[in-house]
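*Asks:* Below is a structure I'd like to ask you about.
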Amino acid sequence: MDDPIKQRRSIRRFQDKEIESEKKEKIFEAARWAPSWGNLQCVELVVVEDKGMQKQLAALLAPKNPATRCVALAPVVVALCGMPIKSGYYRDKQVTRYSSWFMYDLGIVSQNICLKACELGLGSVIVGSFDHQQAETLLKIPAGCELVSLIVLGYPDHIPPTPKRKTVAEFVHYGVYDG
Ligand SMILES: Cc1cc2nc3c(=O)[nH]c(=O)nc-3n(C[C@H](O)[C@H](O)[C@H](O)COP(=O)(O)O)c2cc1C
């Protein structure tokens, strides 16, 4: 496999084929080793493999979200949750300008999951646009924990074209930003 960082694409169509449990374990092991604020590991994952539950989740996606069908039908949907109070805080006090470092920790876990999936020949798509409150109720997420995104996993049914990226020169600033 070439560089999974470049090879990974958001996949929204999957084969009707289960993911082997060893592969799922490898993906969750990759999630486990993500760095986190103070190593507090605020992330909690809910693995959804029940098609009835997946259909209910799919119904909560924003209208026309291109991931709706795959949330309902893919072999696995992982709900990524985080404990806001466990990231960016020291002794229960917010210690930087940002109160949302848990989003950062969750982002790194997401990338570990998607890259490991790619390395294992699996496809993934991160889904962030849905009714979070209703999804939290559906998945019985406890108070103090927030559901942020879903990651859909499965064997890809097709490889979409590569979307354009900025060139390095367009976003890397040497020395100071506006030099
Ligand atoms: C935080 C986040 C939220 C996203 N939410 C959605 C979503 O709700 N539905 C969807 O189809 N794709 C979603 N995506 C996938 C992006 O559309 C996709 O990553 C982007 O178009 C670049 O394509 P690539 O992943 O193939 O490189 C999301 C990606 C990220 C990082």
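The values are calculated or read from the model by the stated rules, or taken from the named source; none is laboratory data. Keep in mind it's a predicted model, so treat the numbers as computed, not measured. Every residue, glycine as well, gets a Cβ built from its backbone with ideal geometry; the counts of neighbours run over all protein chains shown. Ligands, DNA and RNA are excluded from the accessible area calculation, which covers all protein heavy atoms including side chains. Shrake-Rupley method; radii C 1.70, N 1.55, O 1.52, S 1.80 Å.
*Asks:* Please report, to one decimal in angstroms, the Kirkwood hydrodynamic radius of the chain built from all distinct Cα-Cα pairs.
*Replies:* Every distinct Cα pair counted, the radius reaches 17.5 Å.
*Asks:* Give, rounded to the nearest 20 debye, the magnitude of the charge dipole that the stretch 57-179 has about its Cα centre when Lys and Arg contribute +1 at Cβ and Asp and Glu contribute -1 at Cβ.
*Replies:* 80
*Asks:* State the percentage of accessible surface on the chain attributable to carbon and sulfur atoms; use a 1.4 Å probe and exclude ligands, DNA and RNA.
*Replies:* The computed percentage sits at 54.
*Asks:* If you rank Thr96, Thr167 by how much accessible surface each has, with a 1.4 Å probe, what is the order from largest down?
*Replies:* Most to least solvent-accessible, the answer reads Thr167, Thr96.
*Asks:* Something else about it: Between rounded, prolate and oblate, where does the stretch 105-155 land on the alpha carbon gyration tensor, with a ≥ b ≥ c its root eigenvalues, rounded for a/c under 1.5, else prolate if a/b exceeds b/c?
*Replies:* prolate
*Asks:* Within the chain, which DSSP H helices have Cα atoms that stretch 20 Å or more along the helix axis and a mean Kyte-Doolittle hydropathy of at least 0.5?
*Replies:* Answer set is 101-119.
*Asks:* When all protein chains stay in place, what accessible area (Å², nearest 10, 1.4 Å probe) is found for Glu22?
*Replies:* Here the residue's solvent-accessible area equals roughly 110 Å².
*Asks:* Using the heavy atoms of the protein chains alone and a 1.4 angstrom probe, what is the accessible area of the chain per residue in square angstrom?
*Replies:* 63
*Asks:* Kindly provide the helix-only [θ] at 222 nm of the chain, computed as the sum of -39,500 (n - 2.57) over DSSP H runs of four or more divided by all residues, to the nearest 500 deg cm²/dmol?
*Replies:* -9500 deg cm²/dmol
*Asks:* Using label points projected 7 Å from each Cα along Cα→Cβ, tell me how many nm separate Lys55 and Ser129, to one decimal.
*Replies:* 2.5
*Asks:* What number, in percent, do you get for the relative contact order of the stretch 9-167 if the mean sequence gap of Cα pairs under 8 Å and at least 6 apart is divided by its residue count?
*Replies:* Dividing the mean separation by the residue count of the stretch 9-167 yields 36 percent.
*Asks:* How big is the stretch 1-79 by Rg and Dmax over its Cα atoms, in Å?
*Replies:* Over the stretch 1-79's Cα set, Rg and Dmax evaluate to 14.7, 40 Å.
*Asks:* Taking a 28 Å limit on the Cα-Cα distance, which of the listed pairs Lys24/Lys86; Lys55/Lys116; Lys64/Lys164; Lys6/Lys51; Lys6/Lys93; Lys26/Lys86 fall beyond it?
*Replies:* Checking Cα-Cα distances, Lys6/Lys51; Lys6/Lys93 exceed 28 Å.
*Asks:* Once R0 is set to 25 Å, what does the formula 1/(1 + (r/R0)^6) return for the Cβ-Cβ distance between Tyr98 and Val47, expressed as a FRET efficiency to the nearest 0.05?
*Replies:* The formula returns an efficiency of 0.30 here.
*Asks:* Applying 1/(1 + (r/R0)^6) with R0 = 22 Å to the Cβ-Cβ distance of Val172 and Glu119, what FRET efficiency is obtained, to the nearest 0.05?
*Replies:* Taking R0 as 22 Å, the efficiency between Val172 and Glu119 is 0.25.
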